[in-house]
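All remarks here apply to the structure that follows.
The values are calculated or read from the model by the stated rules, or taken from the named source; none is laboratory data. On a predicted model such as this, the values are computed, not experimentally measured, just so you know. Virtual Cβ from ideal backbone geometry, glycine too; neighbours counted across all protein chains shown. Just the protein is used for accessible areas: all its heavy atoms, side chains included, with ligands, DNA and RNA removed. Shrake-Rupley method; radii C 1.70, N 1.55, O 1.52, S 1.80 Å.
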Amino acid sequence: MTSPATTSPPSGRARLAPALLWAAGAALVAYAFVAGGYLVTVLGFAALYAIFVTGLNFFMGYTGQVSFGQNAFAAIGGYTSAVLTTAYNWPVFAAMPLGIGAAALLALAIGYPTLRLRGHYLAMATLALGMIVQEIAVQWDRVTMGYTGIAAIPPLGAFGRELPNERAQLAALLAALALAVWVASRLKHSRLGHALAAIAGSEDAARALGIDVARYKLIAFVVAAVYAAFAGSMFAHFVGFVSPEVFGLHMVVLGFTMLYVGGIGTVYGPLVGALIISLLPETFRGFKEFQDLAYGAALIVILIYAPKGLASLARLWTRRGAAPDAAAAATAGTSRGDAGAAR
Amino acid sequence: MSLLSIEGVTQRFGGLTAVDSVSCAIAPGTISAIIGPNGAGKTTLFNLISGFQKPVAGRIVFDGHDITGMAPHRIAARGLVRTFQLVQLFPDLTAAQNVEAGCHLRGSGGLWAALARTASARRELADAAATARELLAFVGLQARADLPATALTYGQQRLLEVARALAAAPRLLLLDEPAAGLNALETDHLARTLDAIVARGVTVLLIEHDMSLVMRVASRIVVLDFGRRIAEGTPEEVQRDPAVLEAYLGGVDLAAGGGSAHA
Ligand SMILES: Nc1ncnc2c1ncn2[C@@H]1O[C@H](COP(=O)(O)OP(=O)(O)OP(=O)(O)O)[C@@H](O)[C@H]1O
Ligand SMILES: [Mg+2]
């Protein structure tokens, strides 16, 4: 084993790519604050979805599991906020924790039995869950107003004062997003995060190393549900309206798209994905009837050229400089043994 | 007093008896080996010992505790850690991160420790990183620490799996064909690593087809054939055993073992 391959410190170029991304994002947000109007709404949606997808990423990216039912938890967060603040005049910051707590309890109740079983029982259970919760939102109209939905939900605020305008609301959403990403990053870089990464890599190996796989999957599922309910509740207050359609299957599809476009398993992928996917339809608005087509084509191009998500592009750029090094290291030392020899 | 004792353990798959009332005892501080032809039931026996499968009959006692049918992660927490015949690395992680993830049992921090990033949580992370470097150096992979696990050669991946298993602080290490796919140089390195592992106070039980390796490192050998234990003893005893010669007739020449791994 010769030529030790030490990882070189990130080159200037490697630091440039993420820096440019951050600068572009910051410029866009700054412009929105100055210009106001529709862009504020679009960025608000992007922030809401970025929170939702960060939770999805926690379960799917970090832990390697699948859930099709995160919209159910968003619905519970959103409807709890909507009903308690409109019909019962609860303050926003009392309704929100209750909705999040309810979602966490439901995630525990569903995850506990299904995550113990091997196979895709949870994925199936979550698919059903999304549909059931939506059906409840439709049928339980005495509380949820059925298809009509609940309107005039008070905007974000505290201590009896509401945030004065959409820009202030956007600032609150961005702060919430920063908190959500900070929490995800902390959890990822911890003993817990390492255990989740082990489960994503190989459940058998994780078990053999003493990791209680069912327990950690359950924790990840509950954390993802908390994120979804938080996003759902923030949505209700930002938009002022909830209905069964708002938390429908399209929310799942959109969440998956953002996760994969942005980069599954990375801390900032959900941000990138949520921003790009929220802006894409606006970008193609000029194409009118071709809007959907152009949107679809753009998605396909992204997934072909960045199959691991846009967040991986920065890494790809970094690796281009280091690639010969890594390749040399892999082939240096001993040659590859015949893996099949003994079988 | 044996560290591990297997008492009449049996496993069936439909009509097939993969492990047929096997008994044996492993003394602490030794390297023992399980050998036998393909399909003899060696890996199944490992699955039973490590809790991945529950035996239909028999008892497994580790360090004085009955661990029969216990969940794998609980058995690992007691100090019995296994590797896999088909390497099971965490492919998206670097070599060092693989070993760090293997340090799970050395720490205790959960959700709150991670969120608050308490002093003890920070110390655990730093300790895991240090342990990973130390164990990678121990198996000779220090120069590969920051490469993705998948960029390692097959032989290096096997060594990485051993390092990661050691991260779980085992007292008994089960290795399923650690030399499979290794060339002579790598096998020689593995043999020396196995001796060093025992010197660290870890008892080793390995499944191996490479007879020269087995004869070189193992002090006791258990021979399985069609799920049954057909022989047990020192390498010399096993090599002379007529039942073993019968089972291997036309297969591996046991007598050719011994010193050839020094080549
Ligand atoms: N999960 C299972 N279901 C059904 N049959 C199985 C299962 N696992 C193992 N077997 C069978 O049990 C027998 C013993 O298999 P095992 O993998 O333990 O053999 P082995 O001694 O490890 O062989 P090898 O040297 O090829 O690895 C084989 O006939 C195998 O086909
Ligand atoms: Mg086997």
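Some points to look at:
- Given charges at Cβ of Lys, Arg, Asp, Glu: segment B:91-169 dipole, positive-most of B:Trp112, B:Ala130, B:Pro148: B:Trp112
- As a rough guide to protection, the peptides B:190-196, B:231-237, A:102-108, A:22-28 ranked by mean Cβ packing within 10 Å, highest first, stand as A:102-108, B:190-196, B:231-237, A:22-28.
- Other residues whose C-beta falls under 14 angstrom from the C-beta of A:Phe33 contribute a net charge of 0, scoring Lys and Arg +1 and Asp and Glu -1.
- Net charge of neighbours whose Cβ lies under 11 Å from the Cβ of B:Ile230, counting Lys and Arg as +1 and Asp and Glu as -1: -3
- Shown in residue order for segment B:18-35 are the 3J(HN,Hα) couplings computed by the Karplus curve 6.51 cos²θ - 1.76 cosθ + 1.60 at θ = phi - 60°: 6, 10, 10, 6, 8, 10, 5, 10, 10, 7, x, x, 10, 10, 10, 10, 10, 10 Hz (x for Gly and Pro).
- Rounded to 5, the percent of DSSP beta bridges in chain B classed as antiparallel: 55 percent
- Interchain or long-range residues, amide H under 5 Å from B:Asp225's placed H: B:Ile230
- Euclidean distance between Cα centres, segment B:168-205 to segment B:208-231, Å: 15 Å
- For segment A:50-128, with all protein chains in place and a probe radius of 1.4 Å, 72% of the accessible heavy-atom surface sits on carbon or sulfur.
- Residue by residue along A:215-224, Cβ atoms of other protein chains within 10 Å of the local Cβ number 1 on average.
- Residue-by-residue Karplus 3J(HN,Hα) for segment B:67-73, coefficients 6.51, -1.76, 1.60, Hz, glycine and proline x: 10, 4, x, 6, 5, x, 5
- Carbon plus sulfur fraction of accessible area for chain B, probe 1.4 Å, in percent: 53 percent
- Here segment B:91-169 is assigned +1 on the Cβ of each Lys and Arg and -1 on the Cβ of each Asp and Glu. Its dipole about the Cα centre then comes out at about 120 debye.
- Once backbone amide H atoms are built at 1.01 Å from N, B:Leu4 has B:Ile26, B:Asp63 as its partners under 5 Å, excluding neighbours fewer than 5 places away on the same chain.
- Proximal charge balance of B:Asp20 [Cβ under 11 Å; K/R count +1, D/E count -1]: +2
- B:Glu186 contributes about 20 Å² of solvent-accessible surface, heavy atoms of the protein only, 1.4 Å probe.
- A simple spin-label model places pseudo-atoms 7 Å from Cα toward Cβ; at B:Arg133 and A:Ala94 they are separated by 5.4 nm.
- Its relative contact order, with pairs defined as Cα atoms under 8 Å and 6+ residues apart, puts chain B at 25 percent.
- Extension gain, A:Leu117-A:Ile300: 0.36 nm per intervening residue step, less the Cα-Cα distance, totals 62.3 nm.
- Averaged over B:63-74, number of beta-carbon atoms from partner chains that fall within 10 Å: 2
- For chain B, the mean residue ellipticity at 222 nm estimated from helices alone is -10500 deg cm²/dmol, where every DSSP H run of n ≥ 4 contributes -39500 (n - 2.57) and the total is divided by all residues, rounded to the nearest 500.
- Taking all protein chains together, A:Tyr112, B:Tyr248 sort by accessible area into A:Tyr112, B:Tyr248, largest first [probe 1.4 Å].
- Taking every residue in B:161-169 and counting other chain Cβ atoms within 10 Å of its Cβ, the average works out to 2.
- Scalar couplings 3J(HN,Hα) for segment B:176-193, obtained by applying the Karplus form with A = 6.51, B = -1.76, C = 1.60 to θ = phi - 60°, are 9, 6, x, 9, 4, x, 8, 7, 4, 4, 5, 5, 5, 4, 4, 4, 5, 5 Hz; x denotes Gly and Pro.
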